[in-house]
Each structure stands twice: as C-alpha cells, then as structure tokens.
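The values are calculated or read from the model by the stated rules, or taken from the named source; none is laboratory data. Because the structure is a prediction, the values reported are computed rather than measured. In this analysis, Cβ positions are derived from the backbone assuming ideal geometry, glycine residues included, and neighbour counts consider all displayed protein chains. Accessible surface areas use protein heavy atoms only, side chains included; no ligands, DNA or RNA. Shrake-Rupley method; radii C 1.70, N 1.55, O 1.52, S 1.80 Å.
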Amino acid sequence: MISYQHFHAAMKMFPVFPLVEIRKRVPNFDTRRLVEWQAKGYVIKIRNGWYAFADEPVNEQLSWYAANRIYPYSYISLETALSYYGFIPEGVFQVTSCSTLKTNRFNTPLGHFKYRHIKPSLYLGYRLLPFRNTVVKFAEPEKTLIDYLYLHPKLKHADDFVALRWNSTEINATVDFNRLRTYETYINSAALSARLDLLRAYLNAHA
C-alpha cells in the first residue's frame with residue numbers, strides 16, 4: 001500500500017491531477033486512499049475525477065489552470081478576461097470560460113467555475129499564459145470582446161454598453177482593431193457585426 005509521502009512525490013508536479021494520471025504514475029492505486037487522505041485534509045476533491053493537494057497555494061492562476069483542466073476544450077474568457085485586461089471596473093467572483101462542451105458550472109474548493117458553450121469553429125483566439133511548468137489558455141483581448149458580444153444577443157442599443165460601464169480608454173489602448181475585424185470577417189455573423197458596430201460607436205463616443 002502506497003504511503004502518502006510516496007504519492008505526494010509522484011504527483012507533486014501537477015497543480016491539479018486527474019484520477020487517470022494517478023493510475024499512470026501509481027500502478028494498482030487503490031482509490032480508497034483518496035477518500036482517506038481527503039478525510040485527513042491532505043487532498044481536496046475538485047470535482048469527479050479531479051484532485052489537488054490541500055497544501056497547494058490557492059491563487060488566481062491556479063484557479064484559471066484548474067478551470068482549463070477540469071472541463072476540456074475550454075479557455076478563460078468573458079468576465080474573467082474582461083477584468084484581467086481592465087476592460088471592466090470591478091473584480092469578478094467566478095472564473096468564466098468558453099468551451100465547445102455544453103454550458104455548465106461547478107462550485108469547487110478552488111473557486112466557482114462557469115462555462116459558456118461555443119461552436120467548435122470559434123475555439124480559437126486564446127494565448128498561452130505561463131503557469132509553473134505548464135500553461136493556461138486565456139482569450140486574447142480581441143477574442144474576449146468577440147466572445148462576450150457573440151454570447152450576449154440582448155446588446156442591441158448604444159445605451160446597453162453605457163450600462164456595462166466598459167473602460168473605453170483601456171479598450172482603445174489595448175485592442176488591435178484590425179485583428180478584431182479579422183475575427184468578425186471569419187465568424188461572418190450579421191448579428192455579431194451589428195453589436196460590434198455599436199461597440200465601435202461607444203468607444204469613439206467615449207474616447
């Protein structure tokens with residue numbers, strides 16, 4: 001029977017780890033040990049099949065990485081990315097992502113994770129942010145705006161952007177508008193283009 005010390009040594013390189021990875025690195029692993037170590041406060045269960053060590057420092061980057069890992073084909077975007085880039089004035093209390101899987105949410109010991117479904121053809125426009133010995137998939141500034149506008153069809157008037165209180169100065173300084181136009185052309189949605197026109201008008205009016 002493997003000791004906790006040996007288990008920790010085998011898995012400590014992973015900020016969060018799935019059961020399938022445990023079985024690769026610890027042959028014949030008895031999952032009852034995870035229940036035992038959870039009870040002792042050594043290990044925390046994030047969601048079914050995903051775990052982390054209880055002594056792992058919980059910070060923003062770990063939450064982003066966990067959000068990427070526990071729900072495949074996802075990247076950080078929407079409100080989390082808007083806040084990160086300074087496009088909205090307030091912080092956010094949950095990690096928001098886009099995923100080609102169905103819309104979902106999980107409340108975990110590492111944070112509240114929310115996922116919005118996008119078509120597989122829209123699974124692009126993210127950068128890889130370094131995190132320890134791995135990376136976090138995080139939307140580019142331009143794709144962050146595209147994702148938000150694409151997923152919020154109720155934005156139909158200029159006043160809707162005023163109500164959002166987006167930081168026009170920061171957006172104008174950060175966003176590559178040629179790249180934004182490239183995404184718009186690629187997606188080829190009349191509804192999205194209409195919302196982008198409203199956004200451009202808002203940004204010009206508040207420049």
(request) Consider the candidate values (1) 9, 35, 37, 14, 4, 1, 0; (2) 9, 34, 33, 17, 6, 1, 0; (3) 8, 31, 29, 17, 10, 5, 0; state which one is P(r) over Cα pairs in 10 Å bins from 0, in percent computed from the structure displayed. (result) (3)
(message) On the Cα set of region 78-162, report Rg and Dmax in Å, please.
(response) 13.6, 45
(message) Test of the criteria: in region 60-156, which trypsin sites (Lys or Arg not before Pro) are in a DSSP loop and have at most 10 other Cβ atoms within 10 angstrom of their Cβ?
(response) K102, K154
(request) Please give the net charge around R195, taking every other residue with its beta carbon less than 12 angstrom from that of R195, where Lys and Arg add +1 and Asp and Glu add -1. (result) -1
(message) Suppose we keep just the DSSP beta bridges with both residues in region 66-148; what percent of those would be antiparallel, to 5?
(response) 70 percent
(message) Can you give me the angle between helix 177-187 and the longest principal axis of the chain, using Cα atoms only, in degrees from 0 to 90, rounded to the nearest 10?
(response) 80 degrees
(request) Per DSSP H run of n ≥ 4, the term is -39500 (n - 2.57); total these for the chain, divide by its residue number, and report the mean residue ellipticity at 222 nm rounded to 500 deg cm²/dmol. (result) -12500 deg cm²/dmol
(message) From Cα pairs below 8 angstrom and at least 6 apart in sequence, can you work out the relative contact order of region 24-106, rounded to a whole percent?
(response) 20 percent
(message) Using 0.36 nm times the number of residues separating Q94 and K12, minus their current alpha carbon distance, what extension gain do you get?
(response) 26.9 nm
(request) Convert each backbone phi in region 79-87 into a coupling constant with the Karplus relation 6.51 cos²θ - 1.76 cosθ + 1.60 (shift: θ = phi - 60°), then list the ³J(HN,Hα) values in order as whole Hz, x for Gly and Pro. (result) 4, 4, 5, 4, 5, 4, 7, x, 7
(request) Find how much the distance from A158 to A39 grows on full extension, using 0.36 nm per residue of separation minus their present alpha carbon separation; answer in nm with one decimal. (result) 37.5 nm
(message) Just the number please: accessible area per residue for region 125-207, 1.4 Å probe, all protein chains included, in Å².
(response) 54 Å²
(message) 5 Å is the cut-off here: which amide hydrogens, built 1.01 Å from N in the peptide plane, fall below it relative to A54, excluding neighbours closer than 5 in sequence?
(response) V43, I44
(request) Would you look at the GNM of the chain, springs on alpha carbons closer than 10 Å, and say which of L196, L128, L164 moves the most? (result) L164
(request) Only residues of region 92-118 count here: report those whose backbone N is under 18 Å from the spot 7 Å along Cα→Cβ of R165, or say none. (result) 92-94
(message) Under 8 Å for C-alpha pairs, at least 6 residues apart: give me the relative contact order for region 88-207, rounded to a whole percent.
(response) 21 percent
(request) Starting from the amide H of S97, placed 1.01 Å from N in the peptide plane, find each other amide H under 5 Å away whose residue is 5 or more places distant or on another chain. (result) S77, K114, Y115, R116
(message) Let's test the formula: R0 of 25 Å, r as the Cβ-Cβ distance of S193 and N172. What FRET efficiency results, to the nearest 0.05?
(response) 0.80
(request) Considering Cα pairs under 8 angstrom that are at least six residues apart, work out the relative contact order of the chain and quote it in whole percent. (result) 15 percent
(message) Classify region 1-110 from the C-alpha gyration tensor, please: rounded if a/c falls under 1.5, else prolate or oblate depending on whether a/b exceeds b/c.
(response) prolate
(message) Could you give each residue of region 149-161 its phi-based ³J(HN,Hα) in whole Hz, using Karplus coefficients 6.51, -1.76, 1.60 with θ = phi - 60°, and x for Gly or Pro?
(response) 5, 4, 9, 10, x, 6, 7, 10, 9, 4, 5, 5, 6
